[in-house]
Amino acid sequence: MSRPVPSRRQSISDDLRHQISTGHFKAGERLPSEAHLATHYKVSTPTLRNALALLQSEGLVEKIHGSGNYVRHPLRRITYVGGAVTTAIPPGEATVRTKHLQAHGHLTALLNVLPLSPLTEIIYVTHEGRSPHSLARIYIPLALAPAHSPAAPRCADAHPPVAEVQERLSARLPTQEEATALRISTTLAVLSLTRVAADVTGRVVEAALLVLPGDRADALFTTRLMTAERSAKK
């Protein structure tokens, strides 16, 4: 039985992958321009970009808009630790932006507030070097936002105190905005986590939307159970 002939996209990605693995293109190095590579491989620009997209989805190459395609440094995996009262922003250096807005669309249901209610939005982009690791959008009703440091995550002793946290995790493809912020391909799956914290009355005091690239992120949830033996001792 004859072996299937690889597509041009596959053969180009195989060749570039080999050049990266053998050190011809080194970590942090900019690849030749897409026009140059398309001419070199004698293919159209869309075919060349499809080949690069395969390498981007594997985490070998990152595309920086307006600059070009670069060989990625080895990726350090990060872990989102669930089940905590404090908002768990993944570790690393962070760029933080804060702004005020009015509740609209899905935010009204997420925070259980009336349309146009004033909110504080805190946007975290964590990164190592120039490689982004995570994107987090945190929403807090304006009246509950910490006056001294609006960029600080809520914690157990915040006012009002957090009594319940719900976390919903799913996998999906990123939006174009998310892919640009994280410097990933729109074909690379991300972990999408929605975290809602409420006080003892059930009022939502914070909602967080986290996006973690699937090629370098894990989510860890630990459940501690009381065994029958430990229960009997009490």
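The values are calculated or read from the model by the stated rules, or taken from the named source; none is laboratory data. Computed from a predicted structure; not experimentally measured. Glycine also receives a Cβ, built like all others from the backbone with ideal geometry; neighbour counts cover every protein chain displayed.
None of T95, T45, T39 is within 30 Å of V204 (Cα to Cα) and of a type in the set (S, T, N, Q) except T95.
With a requirement of 1 or more residues that are within 30 Å of F25 (Cα to Cα), outside the structural domain of K26 (by TED's automatic domain parsing) and modelled with pLDDT under 80, the strands (runs of 3 or more DSSP E) lying completely within the range 57-139 that satisfy it span 118-128. Only one of the listed residues (A197, A189) is among the hydrophobic types (A, V, I, L, M, F, W, C) and either in contact with a His (Cβ under 7 Å, 6 or more places away or on another chain) or over 26 Å from T98 (Cα atoms) (or both). That residue is A189.
When we screen K63, K42 for residues that are basic (K, R) and at positive phi, the only hit is K42.
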